[in-house]
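So the structure is just underneath, and the comments pick up after that.
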Amino acid sequence: MSICNICGRELFSEKMYCDNCGIPTQISSDKSKEKLQTSGKKKSKSEIKILILFYSMYGHTYRLAERVSEGVRQAEGEPILKQVTELIPEESWNDDVKKTKSLMKSVAVADPTKDLEGIDGIIVGTPTRFGNMCAQMRNFWDQTGEDWMKGTLIGKPASVFISTGTQHGGQETTIISTMLTLLHHGCILVGLPYSFKEQMTMEEITGGSPYGASTIAGGTGERLPSTNELKMAKALGQHLTAIAKKLSS
């Protein structure tokens, strides 16, 4: 006798599918019972792990990532802050890039073959490149085929935060196009609901939308994330972590 590893119903014959939920995978009775006994336990604060995966060239996305981390901690989660591998040769960096890289030197570089394992949620941060994620972030995800095959991120909540040079330079398309990759991995997409009213202000030019947190950097990167934008980044971390806790309980 075996037990369906999705719904827990006993299967009295070897079948390709469970009659109850239609899922083809089955596991042995002993393993199933152990899984069912442990799956109902709520995770403690230290067990809710949220990977904050980002790339930053001039520091704008990094500043947002730091606030996202604060939000995760405030929601009693454990933020895992990691940057993706740089692809631009160091000899091509200007002084501003060198300054940013120096600020981020203590941030670990993500391993696309290992770092998606064992997390309860993921928040991706990227600057826009023609309305899409940057090449450095794309490079990371293009190496995650094994986790895609295993379904590592299926059912895990995922959010996106971004930076653009102008108001209309990819504020929404960059988030939405990044979400396509997360959907292929089976993630549950989490945006920034209108209950976070900072995105509705008419008092200033600001990033932020129901799709996620964002900042407007200016054509030469002269504008740093505003107080309003940083507040939304923190709120995004809190919001996703709260959902991850519910899904993990």
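The values are calculated or read from the model by the stated rules, or taken from the named source; none is laboratory data. Just so it is clear, the model here is predicted, and its values are computed rather than measured. Every residue, glycine among them, receives a Cβ derived from its backbone with ideal geometry; neighbour counts consider all protein chains shown.
Of all residues being more than 12 Å from the chain's Cα centre (by Cα) and crowded, with 16+ Cβ neighbours inside 10 Å in the range 179-197, which is farthest from Ser56 (Cα to Cα)? Just the residue, please. Ranking the candidates gives Phe196 first.
If I ask for residues that are closer than 13 Å to Asp120 by Cβ and either modelled with pLDDT under 95 or not charged (D, E, K, R) (or both), which ones from the range 148-158 would you list? Within the range 148-158, Thr152, Leu153, Ile154, Gly155, Pro157, Ala158 meet the criteria. The set of residues from the range 137-178 being buried (at least 16 other Cβ atoms within 10 Å of the Cβ), under 30 Å from Glu204 (Cβ atoms) and among the polar types (S, T, N, Q) comprises Ser159, Ser163, Thr164, Gln171, Thr173, Thr174, Ser177, Thr178.
Taking Gly219, is it on the phi < 0 side of the Ramachandran plot, surrounded by fewer than 22 Cβ atoms within 10 Å (Cβ to Cβ) and either touching a Gly at 6+ places or on another chain (Cβ under 7 Å) or not in a loop (DSSP other than H, G, I, E, B) (or both)?
Numbers: on the phi < 0 side of the Ramachandran plot: yes; surrounded by fewer than 22 Cβ atoms within 10 Å (Cβ to Cβ): yes; either touching a Gly at 6+ places or on another chain (Cβ under 7 Å) or not in a loop (DSSP other than H, G, I, E, B) (or both): yes.
In short, yes.
Summed over the range 181-226, the residues that are in contact with a Lys or Arg (Cβ under 7 Å, 6 or more places away or on another chain) and closer than 14 Å to Gly125 by Cβ give a count of 2. Scanning the range 209-239 for residues that are within 16 Å of the chain's Cα centre (by Cα) and either small (Gly, Ala, Ser) or not assigned by TED's automatic domain parsing to the domain that holds Val72 (or both) yields Gly212, Ala213, Ser214, Ala233, Ala235, Gly237.
For the range 167-180, indicate whether the set of residues that are within 18 Å of Asp120 (Cβ to Cβ) and either among the aliphatic types (A, V, I, L, M) or in contact with a helix residue (DSSP H, G or I) (Cβ under 9 Å, 6 or more places away or on another chain) (or both) is non-empty. Checked against the condition, which is being within 18 Å of Asp120 (Cβ to Cβ) and either among the aliphatic types (A, V, I, L, M) or in contact with a helix residue (DSSP H, G or I) (Cβ under 9 Å, 6 or more places away or on another chain) (or both), the range 167-180 yields no hits at all.
Criterion applied to Phe161, Phe140 was being touching a residue at least 24 places away in the same chain (Cβ under 8 Å) and part of a helix (DSSP H, G or I), and the one residue passing it is Phe140.
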